[in-house]
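Notes for the one structure printed next.
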Amino acid sequence: MNLANKLTILRIFLVPIFLIVIAFKDIPYGTTIATIIFVLASITDKLDGYIARSRNQITKFGKFMDPLADKLLVTSALIVLVEFRVIPNWAATIIIAREFAVSGLRTLAASDGIVIAASKWGKAKTFIQIVAIVSLLVQLNISLSPEWAAKVANNVYLSTFFSTGTTILLYLAVIITIISGVDYFIKNKNAINVNE
(Lines give C-alpha, C1' and ligand atoms only; values in the text may rest on other atoms or scores of the structure.)
Protein backbone atom coordinates (compact mmCIF):
# COMPACT_ATOMS: atom_id res chain seq x y z
CA MET A 1 0.00 0.00 0.00
CA ASN A 2 1.45 3.37 -0.99
CA LEU A 3 1.76 6.44 1.27
CA ALA A 4 -1.25 8.23 -0.22
CA ASN A 5 -3.54 5.28 0.53
CA LYS A 6 -2.09 4.97 4.03
CA LEU A 7 -3.03 8.60 4.70
CA THR A 8 -6.55 7.88 3.47
CA ILE A 9 -6.82 4.95 5.88
CA LEU A 10 -5.43 7.16 8.68
CA ARG A 11 -8.21 9.69 8.00
CA ILE A 12 -10.81 6.94 8.39
CA PHE A 13 -9.27 5.83 11.72
CA LEU A 14 -9.29 9.43 12.99
CA VAL A 15 -13.08 9.63 12.61
CA PRO A 16 -14.01 7.42 15.60
CA ILE A 17 -11.29 9.10 17.68
CA PHE A 18 -12.84 12.49 16.85
CA LEU A 19 -16.27 11.22 17.89
CA ILE A 20 -15.08 9.64 21.13
CA VAL A 21 -13.13 12.70 22.25
CA ILE A 22 -15.97 15.13 21.57
CA ALA A 23 -18.69 12.85 22.98
CA PHE A 24 -17.20 12.40 26.45
CA LYS A 25 -17.65 15.69 28.27
CA ASP A 26 -15.35 14.55 31.09
CA ILE A 27 -12.31 14.79 28.80
CA PRO A 28 -10.57 18.13 29.54
CA TYR A 29 -10.63 20.39 26.47
CA GLY A 30 -12.41 17.62 24.61
CA THR A 31 -14.00 19.85 21.95
CA THR A 32 -10.68 21.62 21.35
CA ILE A 33 -8.83 18.31 20.94
CA ALA A 34 -11.61 17.04 18.66
CA THR A 35 -11.34 20.19 16.54
CA ILE A 36 -7.57 19.67 16.20
CA ILE A 37 -8.15 16.02 15.23
CA PHE A 38 -10.66 17.13 12.59
CA VAL A 39 -8.20 19.68 11.17
CA LEU A 40 -5.40 17.07 11.05
CA ALA A 41 -7.72 14.58 9.34
CA SER A 42 -8.69 17.27 6.82
CA ILE A 43 -5.04 18.00 6.08
CA THR A 44 -4.47 14.33 5.20
CA ASP A 45 -7.10 14.77 2.48
CA LYS A 46 -4.94 17.36 0.73
CA LEU A 47 -1.74 15.43 1.39
CA ASP A 48 -2.89 12.09 0.01
CA GLY A 49 -4.15 13.67 -3.20
CA TYR A 50 -0.94 15.66 -3.68
CA ILE A 51 1.28 12.66 -2.97
CA ALA A 52 -0.71 10.37 -5.26
CA ARG A 53 -0.48 12.84 -8.17
CA SER A 54 3.14 13.91 -7.64
CA ARG A 55 4.37 10.31 -7.35
CA ASN A 56 2.05 8.98 -10.04
CA GLN A 57 0.49 6.65 -7.46
CA ILE A 58 -3.18 7.15 -8.30
CA THR A 59 -4.93 3.83 -7.72
CA LYS A 60 -8.46 2.48 -7.98
CA PHE A 61 -8.35 1.96 -4.21
CA GLY A 62 -7.50 5.62 -3.70
CA LYS A 63 -10.17 6.83 -6.12
CA PHE A 64 -12.79 4.85 -4.22
CA MET A 65 -11.59 5.20 -0.61
CA ASP A 66 -10.56 8.88 -0.65
CA PRO A 67 -14.11 10.21 -1.26
CA LEU A 68 -15.46 7.65 1.23
CA ALA A 69 -13.02 8.86 3.91
CA ASP A 70 -14.13 12.45 3.24
CA LYS A 71 -17.78 11.48 3.61
CA LEU A 72 -17.16 9.69 6.92
CA LEU A 73 -15.25 12.67 8.30
CA VAL A 74 -17.77 15.30 7.20
CA THR A 75 -20.84 13.25 8.18
CA SER A 76 -19.52 12.57 11.67
CA ALA A 77 -18.75 16.26 12.21
CA LEU A 78 -22.20 17.31 10.96
CA ILE A 79 -23.91 14.89 13.35
CA VAL A 80 -21.86 16.32 16.22
CA LEU A 81 -22.75 19.90 15.24
CA VAL A 82 -26.45 19.01 15.11
CA GLU A 83 -26.18 17.30 18.50
CA PHE A 84 -24.64 20.45 19.97
CA ARG A 85 -27.32 22.55 18.19
CA VAL A 86 -24.73 24.54 16.26
CA ILE A 87 -26.36 23.85 12.88
CA PRO A 88 -29.97 23.07 11.89
CA ASN A 89 -31.07 19.52 11.10
CA TRP A 90 -32.10 20.37 7.53
CA ALA A 91 -28.60 21.54 6.54
CA ALA A 92 -26.96 18.35 7.79
CA THR A 93 -29.71 16.23 6.18
CA ILE A 94 -29.18 17.79 2.74
CA ILE A 95 -25.42 17.32 2.87
CA ILE A 96 -25.58 13.75 4.20
CA ALA A 97 -28.33 12.78 1.72
CA ARG A 98 -26.16 14.00 -1.15
CA GLU A 99 -23.25 11.92 0.16
CA PHE A 100 -25.42 8.78 0.28
CA ALA A 101 -26.77 9.47 -3.19
CA VAL A 102 -23.34 9.91 -4.77
CA SER A 103 -22.02 6.86 -2.90
CA GLY A 104 -24.91 4.87 -4.38
CA LEU A 105 -24.03 6.19 -7.82
CA ARG A 106 -20.41 5.14 -7.33
CA THR A 107 -21.52 1.66 -6.26
CA LEU A 108 -23.67 1.26 -9.37
CA ALA A 109 -20.82 2.44 -11.56
CA ALA A 110 -18.37 0.11 -9.80
CA SER A 111 -20.62 -2.86 -10.57
CA ASP A 112 -19.92 -2.08 -14.24
CA GLY A 113 -16.21 -1.70 -13.61
CA ILE A 114 -16.33 2.10 -13.66
CA VAL A 115 -14.58 4.12 -10.95
CA ILE A 116 -15.96 7.65 -10.55
CA ALA A 117 -13.18 9.94 -9.36
CA ALA A 118 -13.81 13.19 -7.50
CA SER A 119 -14.84 16.01 -9.86
CA LYS A 120 -13.87 19.68 -9.61
CA TRP A 121 -17.28 20.43 -8.07
CA GLY A 122 -16.79 17.53 -5.69
CA LYS A 123 -13.40 18.86 -4.60
CA ALA A 124 -14.84 22.37 -4.19
CA LYS A 125 -17.67 20.88 -2.14
CA THR A 126 -15.23 19.10 0.16
CA PHE A 127 -13.12 22.24 0.61
CA ILE A 128 -16.01 24.53 1.54
CA GLN A 129 -17.52 21.89 3.81
CA ILE A 130 -14.22 21.53 5.67
CA VAL A 131 -13.81 25.30 6.03
CA ALA A 132 -17.40 25.67 7.26
CA ILE A 133 -17.12 22.77 9.71
CA VAL A 134 -13.81 23.96 11.17
CA SER A 135 -15.32 27.44 11.66
CA LEU A 136 -18.39 25.93 13.32
CA LEU A 137 -16.27 23.70 15.58
CA VAL A 138 -14.29 26.76 16.66
CA GLN A 139 -17.60 28.53 17.30
CA LEU A 140 -18.64 25.56 19.45
CA ASN A 141 -15.41 25.78 21.42
CA ILE A 142 -15.99 29.49 22.02
CA SER A 143 -19.58 28.96 23.13
CA LEU A 144 -18.45 26.38 25.69
CA SER A 145 -15.83 28.73 27.14
CA PRO A 146 -17.24 31.81 28.96
CA GLU A 147 -13.81 33.44 28.87
CA TRP A 148 -13.42 33.08 25.11
CA ALA A 149 -17.07 33.95 24.51
CA ALA A 150 -16.53 37.26 26.33
CA LYS A 151 -13.39 38.03 24.32
CA VAL A 152 -15.14 37.33 21.02
CA ALA A 153 -18.16 39.41 22.05
CA ASN A 154 -15.83 42.36 22.68
CA ASN A 155 -14.25 42.08 19.23
CA VAL A 156 -16.54 43.39 16.49
CA TYR A 157 -14.81 41.47 13.70
CA LEU A 158 -14.79 38.13 15.48
CA SER A 159 -18.32 38.52 16.78
CA THR A 160 -19.55 39.37 13.26
CA PHE A 161 -17.77 36.36 11.77
CA PHE A 162 -19.06 33.89 14.35
CA SER A 163 -22.58 35.30 14.27
CA THR A 164 -22.92 35.78 10.50
CA GLY A 165 -19.84 34.48 8.69
CA THR A 166 -20.20 30.89 9.86
CA THR A 167 -23.86 30.89 8.79
CA ILE A 168 -22.91 32.14 5.33
CA LEU A 169 -20.23 29.43 5.06
CA LEU A 170 -22.77 26.77 6.04
CA TYR A 171 -25.31 27.95 3.44
CA LEU A 172 -22.57 28.12 0.81
CA ALA A 173 -21.53 24.57 1.68
CA VAL A 174 -25.14 23.38 1.28
CA ILE A 175 -25.51 25.11 -2.11
CA ILE A 176 -22.23 23.76 -3.52
CA THR A 177 -23.06 20.32 -2.12
CA ILE A 178 -26.32 20.30 -4.09
CA ILE A 179 -24.63 21.57 -7.26
CA SER A 180 -21.86 18.96 -7.05
CA GLY A 181 -24.41 16.18 -6.50
CA VAL A 182 -26.43 17.21 -9.54
CA ASP A 183 -23.19 17.47 -11.55
CA TYR A 184 -22.19 13.88 -10.64
CA PHE A 185 -25.56 12.49 -11.70
CA ILE A 186 -25.64 14.42 -14.98
CA LYS A 187 -22.11 13.37 -15.95
CA ASN A 188 -22.62 9.75 -14.89
CA LYS A 189 -26.25 9.18 -15.85
CA ASN A 190 -25.22 6.20 -17.97
CA ALA A 191 -24.33 4.36 -14.75
CA ILE A 192 -28.05 4.33 -13.89
CA ASN A 193 -30.14 1.95 -15.95
CA VAL A 194 -33.71 1.85 -14.68
CA ASN A 195 -34.45 -1.14 -16.91
CA GLU A 196 -31.98 -3.41 -15.13
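Conditions (1) within 23 Å of residue 60 (Cα to Cα); (2) within 21 Å of the chain's Cα centre (by Cα), marked per residue:
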residue	(1), (2)
116	yes, yes
119	yes, yes
124	yes, yes
128	no, yes
135	no, yes
152	no, no
155	no, no
187	yes, no
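With respect to (1) touching a helix residue (DSSP H, G or I) at 6+ places or on another chain (Cβ under 9 Å); (2) assigned to a helix (DSSP H, G or I); (3) small (Gly, Ala, Ser), the lone exception for residue 104 is condition (1). Among the residues of the range 47-61, those identified as in a loop (DSSP other than H, G, I, E, B) and either touching a helix residue (DSSP H, G or I) at 6+ places or on another chain (Cβ under 7 Å) or surrounded by 15 or more Cβ atoms within 10 Å (Cβ to Cβ) (or both) are 57, 58, 59.
With respect to residue 126, determine if the residue is in a helix (DSSP H, G or I), modelled with pLDDT under 95 and loosely packed, with under 14 Cβ neighbours inside 10 Å.
Spelling it out, it is not the case that residue 126 is in a helix (DSSP H, G or I), modelled with pLDDT under 95 and loosely packed, with under 14 Cβ neighbours inside 10 Å.
For the residues 114, 43, 20, the requirement of being assigned to a loop (DSSP other than H, G, I, E, B), loosely packed, with under 14 Cβ neighbours inside 10 Å and not hydroxyl-bearing (Ser, Thr, Tyr) singles out 114. Taking the criterion of being among the β-branched types (Val, Ile, Thr), surrounded by 13 or more Cβ atoms within 10 Å (Cβ to Cβ) and under 14 Å from residue 192 (Cβ atoms), the only residue of the range 87-110 that qualifies is 102. Can you confirm whether the range 70-82 contains a residue that is assigned to a helix (DSSP H, G or I), more than 14 Å from the chain's Cα centre (by Cα) and surrounded by fewer than 15 Cβ atoms within 10 Å (Cβ to Cβ)? There is no residue in the range 70-82 that is assigned to a helix (DSSP H, G or I), more than 14 Å from the chain's Cα centre (by Cα) and surrounded by fewer than 15 Cβ atoms within 10 Å (Cβ to Cβ).
The values are calculated or read from the model by the stated rules, or taken from the named source; none is laboratory data. No experiment lies behind these values; they were computed from the predicted model shown. For neighbour counting, all protein chains shown are included, and Cβ atoms are generated from backbone atoms with ideal geometry for every residue, glycine included.
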